[in-house]
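Novice: Below is a structure I'd like to ask you about.
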Amino acid sequence: MNPLSKSTPIYIGRFAPSPTGPLHLGSLYTALASFLDARHHQGKWLVRIDDVDIPRNAPGAADLILKTLEAFGLHWDETIYYESRHFNHYESALARLKALNLLYPCTCSRKKLADYAQHHGGGDRYPGICRDKNFHEQNDYAVRIRTNGAFIEFIDRLQGRFSENLNAAHGDFIIKRKDHLFAYQLAVVVDDQAQGVTHIVRGIDLLDSTSKQIFLQMLLGYPLPSYMHLPILVDQKGQKLSKQTYAQAVDQRNPGPVLFHLLQLLKQAPPEELIDALPQEILQWGISHWNPAPLQSWTQLCPSNGFVGLN
Ligand SMILES: [Zn+2]
């Protein structure tokens, strides 16, 4: 082993669920992929509870999620990182962006933006209505960041080259909400930096957020992590499995077969006899054979009917 690797790990990955309910199959699938990718690269795997959106947190959900990960043998390194205990980090990042003169207060209501889009088009892109407003003249506002002409380009390990003109695609986006909570885009970037995350493995539904996050990383002078966006699990109707679609909590009484089927969904082709093995053996096989390349041709995967833990 490289003597440097103990003090300076070259791979730090993470799984960052929001504690809005128990872990469902779609999240366990992402957790497993990020775990396998980290362990295959002899990296660290961290778990972070993304509980910055306090009103959405469900009581007890964080503990349930952690228990489920343990039941499936997905053991993490270091102590759990809770976003809600790090608001001071977000505050200082916000102050740094403010000092760059990139922030402004936005007082637009949802209705105002919907009306604007109806008359002028542009969909969800923020049209910059409040760009010239000053903080001292407003009191009830969200904080937006000027995207100006930023053109973001990165290479995703699965999806390949991705590029986007941030202003044309999204407009100036919110980094602190009207209800004073920090937006996901800012929190995730600050947390990944605080935890030293080098590799991000997550669902392709977040690909749309990545250029915003890279934009913030560059402004804050953070090193850019590597990204891999996985296909997402969908139900028979093509709806993403999520807490919103009431995907059933994953059944942890019999973790082996679930892990086996998840490996199949990750296009890893485990040998048939592995289905009866202990979770640790299944994971060990997964770690040594991990190869995400076959996932390249997919954006959605639908678990078969009767899949353990799915109705
Ligand atoms: Zn506005």
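The values are calculated or read from the model by the stated rules, or taken from the named source; none is laboratory data. What you are looking at is a predicted structure, and each value in this text was computed from that prediction instead of being measured. Cβ coordinates were reconstructed from backbone atoms using ideal geometry, including for glycine residues, and neighbour counts include every protein chain displayed. Please note that ligands, DNA and RNA were not included when accessible areas were found on the heavy atoms of the full protein model with its side chains. Shrake-Rupley method; radii C 1.70, N 1.55, O 1.52, S 1.80 Å.
Novice: Quick one: in segment 110-159, which of the residues that are within 11 Å of the ligand (Cβ to nearest atom) and of a type in the set (Phe, Trp, Tyr) is most open to solvent (accessible area, probe 1.4 Å)?
Specialist: 116
Novice: Tell me which of these residue 29 doesn't satisfy, since it passes every other one: (1) in a strand (DSSP E or B); (2) touching a residue at least 60 places away in the same chain (Cβ under 8 Å).
Specialist: Result: residue 29 fails condition (1) only.
Novice: Could you please find all residues in segment 178-191 being surrounded by 23 or more Cβ atoms within 10 Å (Cβ to Cβ) and in a helix (DSSP H, G or I)?
Specialist: Step one: of segment 178-191, the residues surrounded by 23 or more Cβ atoms within 10 Å (Cβ to Cβ) are 182, 186-190.
Within segment 178-191, 186, 187, 188, 189, 190 qualify.
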